[in-house]
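Single-structure report; data block below.
The values are calculated or read from the model by the stated rules, or taken from the named source; none is laboratory data. Remember, it's a predicted structure, so these values are computed and weren't measured experimentally. Heads up, the Cβs are rebuilt from the backbone with ideal geometry, glycines too, and the neighbour counts pull from every protein chain shown. With ligands, DNA and RNA removed, areas are computed over all heavy atoms of the protein, side chains included. Shrake-Rupley method; radii C 1.70, N 1.55, O 1.52, S 1.80 Å.
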Amino acid sequence: MTTGRLIPRRRDAHPVPRYADYKTSVTRSPTLPLLSLESTPSEETGPRFGHGLIGPLDNDLIRNFSGGEGLAIGERIRVHGRVLDENGRPVPHTLVEIWQANAGGRYRHVKDGYFAPLDPNFGGCGRTLTDEHGVYEFMTVRPGAYPWPNRGNDWRPMHIHVSVFGHAFGQRLITQMYFEGDPLIDRCPIAATVRDRAQLDRLVAPLDIGASRPMDYLAYRFDIVLRGRRQTMFENRLEGM
Amino acid sequence: MVQPLETLTETASQTAGPYVHIGCIPSFAGLPGVYPEDLGLSPFSEGAAGEVVTITGAVLDGMGAPLRDAMIESWQADAAGRYPGTPGADPLVSGFCRFAADKDTGEFTLRTIRPGAVTGHDGRAMAPHVSLWIVARGINIGLHTRLYFEDADNASDPLLSRIDPPARAQTLIAQRTAPGAYRFDIRLQGAGETVFLDI
Ligand SMILES: [Fe+2]
């Protein structure tokens, strides 16, 4: 179903906007209440991207920076999953973008000065469209943990940033995928902005050994749920609103 | 006990972080060539119907400092008030744009088509507006807001009229600085805090 009102966001399922241990959030979080309104066509529509956008290497971060000429250094992994909505329906043909540090924990970005070296064969971005079942996959290398200036000695757990569009501007979501077993998750103030433990656990991708390939790569599974639309045949309009 | 509700919960957001440009606008981030061009460079193609307008501004933190790492996405209707993908919409308007704060000054620019008024579900017209979504380091869940135009008739807009106190509606109205040019600053907190939407 691609029309209809969006289900209001459950804000307690999301991070708190202001979290003292994540220092930058203190001055960048709204302090006044958000204005809560029922969705309108402005939020229920959104950009669509076609298969013509996606190049053959776009979802292969091991090869896409070199154009296939060389391979990125690191532990080869496949990241795959499904994009669903809150009603459990697959979200087909939607754009998923990822970005990450290289195997040493260094981003290819002018503002990242960490002394782990750049990998000449690793850029760190990828994109794909989900198929008709909402399925997506990427090949990449496991990103390294990295230190960042916050408290005295903060390190980001290994993570991949994930951006998903859905079919409505109001569904727009950026999140991060963590890796099963990483002891830095419980020390990370950014992960801790998600106060609901079950919601944080859902950001941690399990090892999916059945989807790995012997002698080639390990697989991690990361399913993503976007806001759904209200399923009803009744839509009464409020008088006087 | 009761019947279980078979619904899922939305995945939790996490901050886009300081390197969002790598994933979303890699050419801007200094990774040219991975994709032919960055997504959402312009929300319209030349020849689109309507007036071209340019909006400049900055995203300001609670200390009044511009964010130099913010990325913004915009979504809007065409000049006749039709959203791309809906019947009759101008094929030269994609409606979607991605733009970033300048890494030194924090200033952003959106060059777009002035959108038309859109009809809401209740049949009432929404004044011309551009929907915005703002992400950056320190923003834990992307912020939705809207940009309206100072020189449009905003008096009966359903959203603006819900803002309390009404004076805060001014935070959503771009100020005209020259013909076709507007200024729109987004204040994350403090005096003049922008109205952000849970919509
Ligand atoms: Fe990161």
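Here are a few things to note about the model shown:
- Here the alpha carbons of segment A:83-193 define both size measures, Rg and Dmax, at 15.6, 47 Å.
- Residues of chain A were split at every exposed loop site, defined as chymotrypsin sites (Phe, Trp or Tyr not before Pro) in a DSSP loop with at most 10 other C-beta atoms within 10 angstrom, and the longest piece left, sites excluded, is A:116-233.
- Looking at chain A, the DSSP beta bridges with both ends there are about 75 percent antiparallel.
- Prolate/oblate/rounded label for segment A:1-119 (Cα gyration tensor, a/c 1.5): oblate
- Only protein heavy atoms count here; under a 1.4 Å probe, residue A:161 has an accessible surface of about 10 Å².
- Percent antiparallel among DSSP beta bridges (both partners in the protein assembly as shown, rounded to 5): 75
- Each residue, residue B:107 and residue A:135, gets one label point 7 Å from its Cα in the Cβ direction; the gap between the two is 5.0 nm.
- Cα pair count fraction exceeding 34 Å, expressed as % - the protein assembly as shown: 29
- The local environment of residue A:172, defined by Cβ-Cβ distances under 10 Å, has a net charge of -1 under the rule Lys, Arg +1 and Asp, Glu -1.
- Listed residues A:128, A:31 arranged by accessible area, highest first, probe 1.4 Å: A:31, A:128
- Once the gyration tensor of the Cα atoms in segment B:110-199 is diagonalised, the equivalent ellipsoid follows with semi-axes of 20, 17, 14 Å, ordered largest first.
- Exposed loop sites were defined as trypsin sites (Lys or Arg not before Pro) in DSSP loop states (anything but H, G, I, E or B) carrying at most 11 other C-beta atoms within 10 Å; in chain A the longest segment without such a site runs A:1-150.
- Gyration tensor verdict on chain B (Cα atoms; rounded if a/c is under 1.5, prolate if a/b is larger than b/c, oblate otherwise): rounded
- Close amide H contacts of residue B:113 (hydrogens built in the peptide plane, cut-off under 5 Å, sequence separation of 5 or more or a different chain): B:53.
- Accessible area (Å², 1.4 Å probe, nearest 10) - residue A:27: 40
- Cα gyration tensor category, rounded, prolate or oblate, for chain A with a/c compared to 1.5: oblate
- Cα centroid separation - segment B:10-58 against segment A:115-171, whole Å: 17
- Phi angles of segment A:83-91 translate, via the Karplus equation with coefficients 6.51, -1.76, 1.60 and θ = phi - 60°, into HN-Hα couplings of 9, 10, 10, 5, 8, x, 8, x, 9 Hz per residue; Gly and Pro are given as x.
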